[in-house]
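**Student:** Got a structure for you, questions after.
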């Protein structure tokens, strides 16, 4: 694909220099990649324990729920069964809900909120709904045939004390050993972060919203 | 569901105080939620422009690719067609690939890398593969029937100069007006961030890897 290294190529001084430079760049790149590979291999060798993990997606940026649903897609690809409970949202019929309801044998989906909290403006009703949603969540946490459980926007329910954090932590701790759980929502409580295995904070660098672009199907919902 | 507000309830002084406190908490909560709703309504009123958006998921944390695949799920739920090009990865058969190949009429999927860059250790071959992958990407960018295009790990290909950022930006700019694009990968170039509508940085708060937990199906791949 390139004759830069061919001794027979009929090139002037300028091109010979370029060829030498290209060689150096390629060699340096190769050495850097070899070091990187050695480091990665070492890390991977050290990480050998397979166990159910608890992941938390928090922060003000976009991608907390969508990342959880990307994991649902991964899990389904690997033949795992999935349970989803959507807290707080739920009144909105989102794209992921429409899609996941096509696979009733693989995904159990429960959207139990009544719109965002600032739509309901009724604390008692929110608590009641969150409690019912957690009852459903506990069924998933008691079912070892479910490989991945998503608690979408649970952090909001915890932040507003709609649910008791200690009860939630106890139920999470009692789940089957190989079951993975993802919790999403802004303002994850420190108690939850403390017991989580992997925590990602989604930070806003910029958002289309601020440029007057409306929330759109396939992007925000 | 509660008789806290009933004047007939036969309760002592302690409970009356609690009832009054609960009332205050509920009222304060309601006022806060009303203010929040007013603010949200105002923002939503201002954001009215519907247009294809360019999203970038970057940072060292988990969730960049999975969030893009969550958006694929949303888009499919809304009946949109989707194009996916996976740069750099590709040799690994991931859960999302296995899953998305079940929907050949809705999703065109192209995984064109040969494993992570530190696996190939050959810069020329990486450039060749990335160029081929971008050719496929351009076909998606020229097809108005595709509502969402995912360029998974494109940032890596740009960071290592496997592709020219100016060519990529020109091709992105020339896409159909209503088409959404998501680009993922660490180290997004400033030129790409400058033209993006929504940029999220996924930051590591903690990662199971460091506790010796291996990368697992349904979680990392």
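**Student:** Mind checking which residues of segment B:148-158 are at pLDDT 95 or above and farther than 19 Å from residue B:71 by Cα?
**Tutor:** B:158
**Student:** Are any residues in segment A:35-72 within 22 Å of residue B:97 (Cβ to Cβ) and either modelled with pLDDT under 75 or over 11 Å from the mean Cα position of the chain (by Cα) (or both), and if so, which ones?
**Tutor:** Those that are within 22 Å of residue B:97 (Cβ to Cβ) and either modelled with pLDDT under 75 or over 11 Å from the mean Cα position of the chain (by Cα) (or both): A:40, A:44, A:50, A:53.
**Student:** Pairs only if they're at least six apart or on different chains, beta carbon under 7 angstrom, first in segment B:78-100 and at positive phi, second part of a loop (DSSP other than H, G, I, E, B) and at pLDDT 90 or above; list them, first residue then second.
**Tutor:** Matching pairs, first to second residue: B:88/B:153.
**Student:** Scan segment A:20-34 and tell me whether some residue there is under 30 Å from residue A:186 (Cβ atoms), modelled with pLDDT of 70 or more, surrounded by 12 or more Cβ atoms within 10 Å (Cβ to Cβ) and in contact with a helix residue (DSSP H, G or I) (Cβ under 6 Å, 6 or more places away or on another chain).
**Tutor:** no
Okay, residues lined up against (1) surrounded by 15 or more Cβ atoms within 10 Å (Cβ to Cβ); (2) within 7 Å of another protein chain (Cβ to nearest Cβ); (3) free of Cβ contacts under 8 Å to residues at least 60 places away in the same chain:
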site	(1), (2), (3)
B:164	no, no, yes
B:174	no, no, yes
B:188	yes, no, no
B:197	yes, yes, no
B:200	yes, yes, no
B:205	yes, yes, no
B:208	yes, yes, yes
B:213	yes, yes, yes
B:217	yes, yes, no
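**Student:** Might you let me know whether segment B:111-132 holds any residue that is modelled with pLDDT of 90 or more and within 26 Å of residue A:78 (Cα to Cα)?
**Tutor:** The answer is no; no qualifying residue exists.
**Student:** Can I ask one more? Can you name every residue in segment B:179-221 that is out of contact with any strand residue (DSSP E or B) (no Cβ under 7 Å at 6 or more places or on another chain) and closer than 20 Å to residue B:52 by Cα?
**Tutor:** The answer is B:191, B:194.
**Student:** Moving on to the next point. Would you mind telling me which numbered condition in (1) more than 8 Å from every other protein chain (Cβ to nearest Cβ); (2) surrounded by 12 or more Cβ atoms within 10 Å (Cβ to Cβ); (3) at pLDDT below 90 residue B:94 fails?
**Tutor:** The failed condition is (1).
The values are calculated or read from the model by the stated rules, or taken from the named source; none is laboratory data. For clarity, every value in this text was computed on a predicted model and none was experimentally measured. Because the Cβ atoms are built from the backbone with ideal geometry, glycine has one as well, and the counts that use them run over all protein chains shown.
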